[in-house]
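Chemist: I have a structure here, written as structure tokens, and I will follow up with some questions on it.
The values are calculated or read from the model by the stated rules, or taken from the named source; none is laboratory data. Since the model is a prediction, treat every value here as computed from it, not as a measurement. For neighbour counting, all protein chains shown are included, and Cβ atoms are generated from backbone atoms with ideal geometry for every residue, glycine included.
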Amino acid sequence: MIDRWIETSDWLPRTRSYQDILNRYQSFVIENRTVWVADGNPLKGYISLNDDDGHVLALYSDPKRHGTGKALLDHAKSDRDYLQLWTFAANVDGRRFYEREGFVEVERTAGDNEENLPDIRYEWRRPQ
């Protein structure tokens, strides 16, 4: 799923091979994290969380499966008061989605990441 996203995002440079992506996601995004999968054939989507700090490490959904990303994010919000995540500034659709879901921009970088692309950190807090 992530590999397809890289291929279809014309603003996103490929910095890793398909096998490197699999290895990185296995070790960094999957192992020792909370992961929920929206199952299907093909896979509908998934979300990965670091429970220690509420960091959403990955949220990907099939663009043809409308509502999957929201359902996964709602599930993550259901028993937490705080979530945070990073997304690329160029990911306009992702930014709109997160802002629509109540996330607020709190920080920007000039590209302190593997892709050397500006990115934005968002936070969500459960309304009081």
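Chemist: Conditions: (1) surrounded by 11 or more Cβ atoms within 10 Å (Cβ to Cβ); (2) modelled with pLDDT under 95. Residue 64 meets all but one. Number of the miss?
Modeler: (1)
Chemist: Just to verify a result, which residue in the stretch 101-124, among those that are in a strand (DSSP E or B) and surrounded by fewer than 15 Cβ atoms within 10 Å (Cβ to Cβ), is modelled with the lowest pLDDT?
Modeler: Among those that are in a strand (DSSP E or B) and surrounded by fewer than 15 Cβ atoms within 10 Å (Cβ to Cβ), it is 109.
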